[in-house]
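Here's the structure, in structure tokens; my notes come after.
Rule-based calculations on the coordinates, nothing more; no lab input. As the structure is a computational prediction, the values presented were derived from the model and not from experiment. Cβ placement follows ideal geometry from the backbone for every residue including glycine, while neighbour counts extend to all protein chains displayed.
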Amino acid sequence: MISIYTDENIDVLLKPLLRAKGLTVITTQEQMMIGKEDREQLEHAIKLKCAFLTHNRIHFEQLFNELVKEGKEHYGIIISVRRNVYELARRIASFLDCQSAKDIKNQLWYI
């Protein structure tokens, strides 16, 4: 089972929408991580063994490259274009239906 950690720019409504589809979602807000640096957010997701979901393409592409250079494992980074939260939930659920945690681990994905 893949767990998702959302950054603070992801609409909080996404959590109940994905939970209704049987997915585990942890938010930045509930972890009291609002305002933390991107690297700290990603490290927290790694600690929680979650794939990281963000809209912040530029910073997380850079962080992904840093992790690769450092040889550090993570549970995946998923970058999404901003869209209606219902459409985003549908796309994420559909994407995760086709992927295993092993497929996502240490990868950068765009949805």
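Placing unit charges on the Cβ atoms of the charged side chains and taking the dipole of the chain about its Cα centre, the candidate lying farthest along the positive direction among THR6, ILE77, SER100 is SER100.
Label-to-label distance, ASN65 versus TRP109, with points set 7 angstrom from Cα along the beta-carbon direction: 2.3 nm.
In straight-distance terms, cross-link reach from LYS69 covers every one of the lysines whose alpha-carbon lies under 21 Å from its own, apart from those fewer than eight places away in the same chain; here that gives LYS47, LYS49, LYS102, LYS105.
Taking amide H atoms as placed 1.01 Å from N in the peptide plane, the amide H of VAL25 lies under 5 Å from those of ILE4, each 5 or more residues away in sequence or on another chain. Amide H to amide H distances under 5 Å link ASN106 with HIS74, TYR75, GLY76, where only residues 5 or more positions off or on other chains count and H is placed in the peptide plane.
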